[in-house]
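Inspection log for the structure reproduced underneath, given as structure tokens.
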Amino acid sequence: MPKLKTKSGAKKRFKVTATGKVIAGAAGKRHRLMSHNSKYIRQNRGTSALCDADARTVKSYMPYNR
């Protein structure tokens, strides 16, 4: 069988934990932050786990990263 390719964008943006959860950074934190208030910027700091439906999609993009 041929090897499956990993989607390049997914391997840059997501990380799979040891328990199988998918971790992603917050969206909307790159530029034009003056239109967001301080609470939005502060609460979207760091990373968070994806919901199960989204995690299943991301795991299909990274077949060997489980």
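Just so you know, all these numbers are worked out from the coordinates, no wet-lab data involved. Predicted model, so just to flag it, every value in this text is computed and none were measured. Counting neighbours? That spans all protein chains shown, and the Cβs are built from the backbone with ideal geometry, glycine included.
Yes/no per residue for (1) more than 23 Å from Lys3 (Cβ to Cβ); (2) touching a helix residue (DSSP H, G or I) at 6+ places or on another chain (Cβ under 9 Å); (3) loosely packed, with under 10 Cβ neighbours inside 10 Å:
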position: Val22; (1), (2), (3): no, yes, no
position: His31; (1), (2), (3): yes, no, yes
position: Arg42; (1), (2), (3): yes, no, yes
position: Asp54; (1), (2), (3): yes, no, no
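On the given criteria, is Met34 without any contact (Cβ under 8 Å) to a residue 12 or more places away in the chain and either of a type in the set (Asp, Glu) or closer than 19 Å to Tyr61 by Cβ (or both)? Criteria not met by Met34. If you go through region 1-33 and pick out every residue that is β-branched (Val, Ile, Thr) and in contact with a Ser or Thr (Cβ under 6 Å, 6 or more places away or on another chain), you end up with 1.
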